[in-house]
Every structure is written in C-alpha cells, then in structure tokens.
C-alpha cells in the first residue's frame, strides 16, 4: 500500500491554439505529503491543476490515482475520487450563504440543510477554522472565504487537497493558521498540492517540489535542501536577474499631504475611510499593507478622483487642494495611477495596446490640435513593450488578449513613462512573474530617485518590505502608523493588518522577525 | 361605493393581472439563470395565436393551453439556440424574437380574426362564490388563475429550499464558477429559458382563450414588455412580482370603476394608467440599491461559453 503513490500524472500534454500549456509533464504525489508546484506566470501550473480537477481535458497522458488509471472528465468525478481544489479566485457565490455554497458542490450528498450546517460547524472547528454557516459570503473576509473553500473540500472524503496560491490573500497570522491546518491534514494521511509564488513558504512547508517552466518540468527537489535563490533559478532559467538590492531613501519635502480624509461607505459592500492622515515626500516610496476589502479601493478612488468629494479639503498635492478635481485634471497636475483592476480601470479590454498607451498619455506630443500622431503613439507603445518585456504578438494586440501579468507590465510601464510627480499604485506586481517583478521594481525605484513621490497599496508583504521607505497598514478604513521596514517586525505589521493598532508606536527598536527569509 | 362593485373589482383585478404574472414569473426564472430574454412579447403572441387555433379546431381548453405552452417553448428554444448556443448578443436575439413572433403570429392568425370559441369557465361552481367582497375573487376564477397561484408557491419554494433552485441562482451569478464546481451551466440555462417560454406561451393562450376569447393581431399590446420591467423593478422577488401584476390588473380595469362611479375621465388617460401605476410603484420599491444587490443575477445578459 505504501509503495503505491497517491497520484501520478504521466506525460500530460495540453495544447491551446498557439501555445503548448503543458508538454509531457510528470508529477508524483505521495501519501500524506505536501507537494509544491512552482513556476512563473504562464508556466502551465493552472492548466495542469485544472486537468487534475476535471475542468480541462488533457490532449495526451494518463493520470494514475492510488495505483489505478482514471479518467477525470468533470469536477464531480474528481470530488468522487477525493480530490478537492481551492481556486485562486474563489468559486463562491457572494449572495449565497456558507451552507448554500457548500450544498451546491456536495450535491445530493449534502443532505438536509440543517444537518449540513451542523457538519460544517463541526468540521471547521475540528481543523481550527471556525465558520458561521448562516452568513452570506459577501459579509466574509477573504481569509474566511478561503476557509469556506477548504471546509467544503474537507466535507468530502478528502485524499488530495489542491491549493492555488492560497497565501497571497492572507495576513501572516492567517498564513500560520493555514499551515497548521495543512500539517494536521497530512498527519491524517491526506496529501496536499501547494501552488505558490512565495518561495520561503515552500521551503518552510513543503516536503517535495516540482518546477515547471514554459509548460515543461525543469526540476524536482526537496525544498528543505534548497534556498529560495536556487529554486527561483530553476523557475526562471539562467539568464534573468532575480534579485536586486533596494536602497532606501529618506525623501525630500512633503509633496502629497492627506489630512483627515474621511469618506462615507456608499453601500454595505463598501468601507468607510476614517480620518486618514498620510504624507508622501518627494523621492520616497510609502507602502500601505492590508487585506483586500479594508478600504484600499476607497482610498485609491479618493486619491485618483474616481470618487470626487467636492466639499472636502483633505488631499493636498504640491500645496494645493485637489479634492474637487476630476481624474483628468489630477493627471494634468502630474499624478499617475495604476489601479487594481487591469481590465476595465487600468486598460480598455477591447482597445489595442497603442490606444491603451494613448489613453493616459495624451497630454504629451501624441496629440496635436486634437489630431492623433499615430507614429508617435506606435513608438510609445513599442517602447513600453520592449522596455518592460511585455510578451505580446505586437502593438496591435487587444489589451484583453494579454495575460494578466503581461498587461500589468504594460500598464505600469505606461504610467512610469509619463514621468509623474506622484505615482499611486495598487498591487503593482500582482500576478507578475519574478523576472518582470524585478523590472517593475527597478523602474519604480529609478522613478523615486528622480524625485517622484510614490504610494503603493499592496497585499504582497515581500514586495512592500523590499521597495518601500516607509510602511504602514490599512484595516477597516483606518490607517496605522508608518515605520521604516527595518524597524517594523513582520509580526507587528500583521497585527496592524488585523486592526490591532495598540502596539503601534511602542517597541520600535525590536527588530526580530524582520524578513528572515530574504 | 357599493359592495358589488368592490367584489367585481377584486375579481377582475386578478383575472386581468394573471397573464402578466405568468410571463413575469417565467422571465424571472430565466433571468435568475443569467439569461435576459426580451422576446416575451413575441412568445406571448405566438402562444396566443397557437392556443386560439388549437382551441378553435379541437374545442378543448386543455389542448389549447398545452399547445400554447409548447409553441412558447419552441420559440424560447429558438432564442436559446441563438443566444446560448451561438453566443449571440442576448438583447439583440430577444428583440429579434419579438419582431419575429409579432409577424408570424399575425400571418398565422389572419384567417382566425373574428372567429368564436367557447370561453374558459370558472373552475368550480360553489356557494363560497357568494361571500361578499372576496368570494368571487377567490372562488370564481378559471383554472389558469389557480394554476398561477400554484406556480407562485412552487417557484418560491424552488428557489428558497430546493438545491436545483440554488443551482439556477448560482449559474446566474457567475457561470464560470458554477461550471468550475461542476454545474451543467448550459443545461440549467436552457431549462430556465424554456420555462420562461412555456409561461409566456401560457400567458398568451390565457389572453386569447380565457380573457378575451378571440384572436386579434397584436392583442398582447405590450404586456410582454411590462412584464420585463416588472421583473427588474420587482428586483427578482416573487412577492413583488405578484404585487406588481395585480396592481397592473387593478389599474387596467380603472375604466370599469370609473363607469361604475360615473366619473368622466378620458379613456386614453385611463388606458395609460396600468403602465404608469405599475412603473411608479415598482420604482419606488426598488430604491434600495443595497438590498437589490442580494437578488440581482450578476451575470444577467452576459454571454458565456465554456472553454476547455
């Protein structure tokens, strides 16, 4: 029995028009192990997982489950085998309750709603993930939503749990809790397939790892014997720089001055900002950490002018109040924005890259007397594509045809190339692979050194610690203090992110726990 | 105001509101699955003409209604094929269906204009009908009215307590997620669209067999459209659809009331009443945007196809 592998994927191949997503991939998972699947954006991790879960059908190759060859034609089959999956973008319905969401997946097996609710409660508590079965998903935090997903899998006779980048949405404390749950699961014999970009998590948690690059397996290893550096090398290949040391800067005069910015919650799905105070100096990068849905969106909209608060006087830009100005007027003053949604707010999905480049850049020499200078626009688009290594067939590609990470590079490039005086970015490298992350960070740092004031809102703590000169957290519409990253232990930032500001300005000297993984 | 008048108003209000109730109920189920079918008017007209023709030749009310429903369903399948299978724009496909149904029903019904059929009688004869005020409204209705009451309860319970009702809501909120967790999105949408078609056909048949017992070209006169707005302004909630439909019924018979009370109001003004009254009340009810979000199918009208 112990010689039989829990799962063996043999020679899996999947081809989409124009790209081979998976090319002869082999993957083995033992009983009770946590197996990491690593790779850059577009390396084929998601495709492989989808085939294992029956969402996508492989073109070639076999899947052997507990020693028997199986054909997983749809998710129900996978669940029947005991395979549960937590997608990166949760498969939850916001207007339904926890119980309803779980009942949908379990099917006939769910039984009576009342007994199901009791089962949910019992299982969730047993694994240290308390849940209220009656609440609507829309009222849950991201961490709680993830618990719903995991509990939903646990209610099956679970033998393999697939987690697609589970930690990217969690606070450090929540990550610890999740890891405890996973370890408890593996002790009971369940296997876990863990997909992540964060290499220190993999080295900490996983027993073995398979690395994909461009659809092919480029290595197997035991993460405990490797360093983040050596694993990253297997992921990106040899020719790309994967780390850069960031110098800190202290900044010059205060350039953007936000004093007592309060906004009302427009609906029950929004967060009210509670008297935000924040200064950003020329030539410094300020970072705001926080779990999504704690007011980041509202703060971004207030600063960018997407929500205009005509009668307030809270946001001062280079000495003048800009509260009443439209986004366009603010851009003309030298502000630039990289919003969280790439499609819809950062770019117009149907337009090609040239037009999208023009969108926020039209005050430069691209337009003369209202007429477009096509040659200059094309040159600008090509310049961004080349400088920021955007993978695309050409400047005539529609924005929506690019992968998320590539479009992000393009949007960041477009904004940075404006040479703004103030740059506001939301999740600048979200979903972007390591090679491109380095390029984006480099561009931001250079911009800072030229005197730009930069504000970054992100959930990626590694990134914030890496590039920011001062760092704080936003929770439920309230802003914490700001400290230099070196003076801010990860534990404390985690507390801030969870809304515990009491310890804010006390033990500034304590530096233990600061990014031991770097 | 005399008791008799009130009794008759209540009776006629329900009688008149029923077709609207049926269409709106069908369209609500359809929209809950995320499909916006603007072809209600056309499907109703086809149901009306088909029901009338079947009734005329067989003199059997049951067959008339079954035929009306089948034709409504066939029309909705045509829409489903274009909008779901071929992934065409749902708005355009629905509008085309209405135009198609309007023309085809006029063509098919040309020979039947002015023909006579037996009107659908009250379902039962009972002493209870003589109860003042509510007796007639509750106990003297025809079979389809009672069927509509059963359907209200069934649809309500379906969405409230049945797992498949949950599936329909899930598909309407996010088809991609629904598909990822293994729900048959296409099948659920087709079935919902077909239910909408059957209800529209039945409502059309009701108009030509039970309500006016005759066929005239374009006799649905915008009830399909008002049902569509009814669903939106009722924010996809059954109790409000019932309220809106009967309100429409009440406003539609205002001219009878005016006659009964010897008021002299322009008949044009009165003819406008049902549309205005229904809209005003429902708009007022749907002011609360936050509550609306809980019932609105998020993926409504968006084309979706499974990529594998």
Taking region A:451-484 only, how many residues are out of contact with any helix residue (DSSP H, G or I) (no Cβ under 9 Å at 6 or more places or on another chain), in a strand (DSSP E or B) and surrounded by fewer than 23 Cβ atoms within 10 Å (Cβ to Cβ)?
1
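Please work out if residue A:352 is within 31 Å of the chain's Cα centre (by Cα) and assigned by TED's automatic domain parsing to the domain that holds residue A:429.
Details: within 31 Å of the chain's Cα centre (by Cα): yes; assigned by TED's automatic domain parsing to the domain that holds residue A:429: no.
Here the answer is no, as residue A:352 does not meet what is asked.
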Identity of the residue in region A:42-51, over 19 Å from residue A:6 (Cα atoms) and within 14 Å of chain B (Cβ to nearest Cβ), that ends up surrounded by the fewest Cβ atoms within 10 Å (Cβ to Cβ):
A:46
Near pairs, Cβ below 6 angstrom, 6+ apart or cross-chain, from region A:118-139 (within 14 Å of chain B (Cβ to nearest Cβ)) to any residue that is part of a loop (DSSP other than H, G, I, E, B) and buried (at least 18 other Cβ atoms within 10 Å of the Cβ)
A:137/A:92; A:137/A:94; A:138/A:94
Return the residue satisfying two criteria in turn: it lies in region A:52-64 and is farther than 14 Å from residue A:192 by Cα and at the interface with another protein chain (Cβ under 10 Å from one of its Cβ atoms), and of such residues it is farthest from the chain's Cα centre (by Cα).
A:57
Would you pick out the residues in region A:151-177 that are touching a helix residue (DSSP H, G or I) at 6+ places or on another chain (Cβ under 7 Å) and either outside the structural domain of residue A:194 (by TED's automatic domain parsing) or assigned to a helix (DSSP H, G or I) (or both)?
A:151, A:152, A:154, A:166, A:167, A:169, A:172, A:173, A:174, A:175
Would you mind stating whether residue A:156 is within 14 Å of another protein chain (Cβ to nearest Cβ) and touching a residue at least 60 places away in the same chain (Cβ under 8 Å)?
yes
For residues that are outside any helix (DSSP H, G or I) and either surrounded by 15 or more Cβ atoms within 10 Å (Cβ to Cβ) or touching a residue at least 40 places away in the same chain (Cβ under 8 Å) (or both), tally how many sit in region B:59-108.
4
Of all residues in region B:111-142 being in contact (Cβ under 8 Å) with a residue 60 or more places away in the chain and part of a helix (DSSP H, G or I), the one that is surrounded by the most Cβ atoms within 10 Å (Cβ to Cβ):
B:136
Enumeration of residues in region A:65-88 that are farther than 21 Å from residue A:190 by Cβ and either away from chain B (no Cβ under 11 Å) or touching a helix residue (DSSP H, G or I) at 6+ places or on another chain (Cβ under 8 Å) (or both)
A:69, A:71
Are any residues in region A:93-102 facing chain B (nearest Cβ under 7 Å), under 15 Å from residue A:120 (Cα atoms) and buried (at least 24 other Cβ atoms within 10 Å of the Cβ), and if so, which ones?
none
Just to check your reading of the model, which residue among A:67, A:32, A:39, A:11 is touching a residue at least 40 places away in the same chain (Cβ under 8 Å), surrounded by 23 or more Cβ atoms within 10 Å (Cβ to Cβ) and at positive phi?
A:39
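Okay, residues lined up against (1) in contact with a strand residue (DSSP E or B) (Cβ under 8 Å, 6 or more places away or on another chain); (2) free of Cβ contacts under 8 Å to residues at least 60 places away in the same chain:
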{"site": "A:296", "(1), (2)": "yes, no"}
{"site": "A:302", "(1), (2)": "yes, yes"}
{"site": "A:310", "(1), (2)": "no, yes"}
{"site": "A:313", "(1), (2)": "yes, yes"}
{"site": "A:316", "(1), (2)": "yes, no"}
{"site": "A:322", "(1), (2)": "yes, yes"}
{"site": "A:326", "(1), (2)": "no, yes"}
{"site": "A:333", "(1), (2)": "yes, no"}
{"site": "A:344", "(1), (2)": "no, yes"}
Out of all the residues in region A:7-31, which are at pLDDT 90 or above and assigned to a loop (DSSP other than H, G, I, E, B)?
A:30, A:31
Within region B:178-191, is there a residue that is more than 10 Å from chain A (Cβ to nearest Cβ), part of a loop (DSSP other than H, G, I, E, B), at pLDDT below 95 and over 15 Å from residue B:74 (Cβ atoms)?
no
Please specify each residue of region A:430-461 satisfying the condition of being in contact with a strand residue (DSSP E or B) (Cβ under 8 Å, 6 or more places away or on another chain) and under 14 Å from residue A:420 (Cβ atoms).
A:444, A:447, A:448, A:452, A:453, A:454, A:455, A:456
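Given the criterion part of a helix (DSSP H, G or I), over 10 Å from the mean Cα position of the chain (by Cα), surrounded by 22 or more Cβ atoms within 10 Å (Cβ to Cβ) and touching a residue at least 40 places away in the same chain (Cβ under 8 Å), identify the matching residue among B:29, B:23, B:35.
Just one listed residue meets the conditions, B:29.
The values are calculated or read from the model by the stated rules, or taken from the named source; none is laboratory data. For clarity, every value in this text was computed on a predicted model and none was experimentally measured. Here Cβ is always computed from backbone atoms with ideal geometry, including for glycine, and neighbour counts include all displayed protein chains.
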